[in-house]
Amino acid sequence: MSLWGQLNLLDPASVIQSEMLLFHDHAMMIILGIFILVAAVGLSLLKSTFSSRRVHEAQTLEIIWTVLPALLLVTLALPSLRLLYLVDEQPLNSRNTLKVVGHQWYWSYEMPYLGNKMYDSYMIPTAELSMGDYRLLEVDKRVMLPTSVDTSIVTTAADVIHSWAMPSLGVKMDSVPGRLNMMNVHPLTSGVYYGQCSEICGANHAYMPIVVECLPPAHLY
């Protein structure tokens, strides 16, 4: 989970989030290079005392500042499209399916891979928190996911639009009434990960936390 003063993204806990982090670093390096180039050109123009009123065109310069941005856009577009298709990819051999239903203001889960286990997950009030618990983030029942195994997450809503978001796993899915959204997740490491509803859904929107506990398959089945 994110901490006060943290500037970097969360440590990736899934394959998709790892790819997102790599693309973020790739894009930031290109942006930083553009910023340095523009700043250097701007400073050189400010310090230069040379001027020419007879120059009406510069074909070579115009070709450079047309082709170079196009190449930079291609270097951004290709990894972006690859990541987009990876997010939408669904494995054919996925044995696990997590069903998520959003309500005002709690989540319902169904886990067929744990013997069709079904329950509602509510936020723990501040007065009932134990020592070391996080305020507004702890729930009475966590989602259990196996590590190193593909799990298909299917979500919908029973009343209004919600959004099931888990930043460490690279998951953010809209829960829309009457519609099913699906996404695949492949946790890499064991741990407890925190998320929240990311779509304003009413007065208690801020009190719909999500807690996912990832464990090795031997500890779940």
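Every number here is computed from the coordinates shown, using simple stated rules; none is lab data. Please read all numbers here as calculations on a predicted model, not as lab measurements. Because the Cβ atoms are built from the backbone with ideal geometry, glycine has one as well, and the counts that use them run over all protein chains shown.
Structure data summary
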{"quantity": "Prolate/oblate/rounded label for the stretch 15-88 (Cα gyration tensor, a/c 1.5)", "calculated": "oblate"}
{"quantity": "Loop-located chymotrypsin sites (Phe, Trp or Tyr not before Pro) in the stretch 23-100 whose Cβ has at most 14 other Cβ within 10 Å (DSSP)", "calculated": "F50"}
{"quantity": "Value at 222 nm in deg cm²/dmol, rounded to 500, when DSSP H runs of n ≥ 4 in the chain each add -39,500 (n - 2.57)", "calculated": "-10500 deg cm²/dmol"}
{"quantity": "Counting DSSP beta bridges with both ends in the chain, the antiparallel % (nearest 5)", "calculated": "70 percent"}
{"quantity": "Degrees separating the helix 59-88 axis from the principal Cα axis of the chain, which is the longest one", "calculated": "10 degrees"}
{"quantity": "Among L78, L68, L137: highest mean-square fluctuation, GNM of the chain, C-alpha pairs under 10 Å", "calculated": "L68"}
{"quantity": "Three-way shape call for the stretch 161-216 based on the alpha-carbon gyration tensor, with the a/c threshold at 1.5", "calculated": "oblate"}
{"quantity": "Selected from F35, S190, M123, residue furthest toward positive end of dipole (the chain; charges at beta carbon)", "calculated": "F35"}
{"quantity": "Long-range amide H partners of E138 with built H, under 5 Å", "calculated": "I124"}
{"quantity": "Residues of type lysines that K172 reaches as a straight line, Cα spacing below 18 Å, ignoring anything fewer than 8 places off in the same chain", "calculated": "K99"}
{"quantity": "Degrees separating the helix 15-47 axis from the principal Cα axis of the chain, which is the longest one", "calculated": "30 degrees"}
{"quantity": "Förster radius 25 Å - calculated FRET efficiency between T189 and Q6 (Cβ-Cβ, nearest 0.05)", "calculated": "0.85"}
{"quantity": "Cut-off under 5 Å, modelled amide H: who pairs with K172 long-range", "calculated": "M166"}
{"quantity": "Over the chain, relative contact order from alpha-carbon pairs under 8 Å, at least 6 apart, %", "calculated": "22 percent"}
{"quantity": "Filtered GluC sites (Glu not before Pro), the stretch 25-122: DSSP coil and at most 13 other beta carbons within 10 Å", "calculated": "E57, E89"}
